[in-house]
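The values are calculated or read from the model by the stated rules, or taken from the named source; none is laboratory data. What you see is a predicted model, and the numbers here were worked out from it, not measured in a lab. Cβ placement follows ideal geometry from the backbone for every residue including glycine, while neighbour counts extend to all protein chains displayed.
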Ligand SMILES: Nc1ncnc2c1ncn2[C@@H]1O[C@H](COP(=O)(O)OP(=O)(O)O)[C@@H](O)[C@H]1O
Ligand SMILES: [Mg+2]
């Protein structure tokens, strides 16, 4: 759902719709772990309502990008903006309050706590009285979860844990949902279901920023994508453009279009 394209001198293609404020923005972000330079001059803009994916091989800096958004890692230079507001130096909880929440890599549920307790944790920064309505919406999306509310999260199947992790993130009522490799470790049929849910969440108005190694799958539902290679963005385009890009096909999409 993007209008207009902007080609910058770096060849980065981003929509530039009607002066809207990006809900998420990186300006020249550089992130290090100790002396190791991980993210290199990363620029991104995610507009309200978009579904954008961040693609790239193992260890290219995808998770570090999400951690930088949430303040779990602080960049050495550059600005992170949430809804137009610079959040550098602000703690993770503040950023969640501004409207960002994450489904982490490998779900990261509190395994000895019940499904209900895990969902409640997602809403811990809220003090409105609409949490029960949101729980009902999550049960509608994932009827399986409702049947297992009192079960310990660690005893759920991988697919069910993914549902709880998505539910927990939604309980924060995010403007932007960050997802770190949602398809990882899931059987193909569950991957497809999972992507359908992500699509539904986006259709209902939540902006989605998704990290994936499965480029084919991600580009089948995303509006556009960025490609990260050893911490630098080397390609940025609408999904159709990336799917057709020869460089992309060779490195990330596989000969038979099977992805990896
Ligand atoms: N806490 C950390 N300390 C030091 N190096 C790290 C840390 N986390 C990740 N790295 C390194 O940073 C690079 C990027 O990691 P990451 O962002 O997790 O990549 P991706 O998610 O794309 O696989 C990798 O080389 C990884 O080993
Ligand atoms: Mg990762």
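Which condition from (1) surrounded by fewer than 18 Cβ atoms within 10 Å (Cβ to Cβ); (2) out of contact with any strand residue (DSSP E or B) (no Cβ under 9 Å at 6 or more places or on another chain) is the one that residue 164 breaks?
The number of the failed condition is (1).
Given (1) touching a helix residue (DSSP H, G or I) at 6+ places or on another chain (Cβ under 8 Å); (2) over 18 Å from residue 210 (Cβ atoms); (3) not assigned by TED's automatic domain parsing to the domain that holds residue 35, identify the lone condition not met by residue 87.
Failing condition for residue 87: (3).
Residue under question is residue 150, and the condition is that it be touching a strand residue (DSSP E or B) at 6+ places or on another chain (Cβ under 6 Å) and over 30 Å from residue 61 (Cα atoms); does it hold?
yes
Is it the case, given these coordinates, that residue 145 is assigned to a helix (DSSP H, G or I) and either surrounded by 17 or more Cβ atoms within 10 Å (Cβ to Cβ) or over 23 Å from the mean Cα position of the chain (by Cα) (or both)?
yes
What are the residues in the stretch 47-66 that are more than 7 Å from ligand 1 (Cβ to nearest atom), over 12 Å from the mean Cα position of the chain (by Cα) and buried (at least 22 other Cβ atoms within 10 Å of the Cβ), if any?
The one that is more than 7 Å from ligand 1 (Cβ to nearest atom), over 12 Å from the mean Cα position of the chain (by Cα) and buried (at least 22 other Cβ atoms within 10 Å of the Cβ): 47.
Which number in (1) at pLDDT 90 or above; (2) not assigned by TED's automatic domain parsing to the domain that holds residue 190 marks the one condition that residue 123 misses?
Residue 123 satisfies all of (1) at pLDDT 90 or above; (2) not assigned by TED's automatic domain parsing to the domain that holds residue 190 except (1).
Restricting attention to the stretch 13-29, which residues are assigned to a strand (DSSP E or B) and modelled with pLDDT under 90?
Once the filter is applied, which keeps residues that are assigned to a strand (DSSP E or B) and modelled with pLDDT under 90, the stretch 13-29 yields 13, 14.
Considering only residues that are closer than 21 Å to residue 184 by Cα and modelled with pLDDT under 90, which ones fall in the stretch 218-248?
Correct list: 248 only.
For the stretch 30-47, does any single residue satisfy the condition of being in a strand (DSSP E or B) and within 12 Å of ligand 2 (Cβ to nearest atom)?
yes
Quick one: which of 36, 91, 42, 73 is surrounded by fewer than 16 Cβ atoms within 10 Å (Cβ to Cβ), within 14 Å of ligand 1 (Cβ to nearest atom) and modelled with pLDDT of 95 or more?
From the options 36, 91, 42, 73, the qualifying one is 36.
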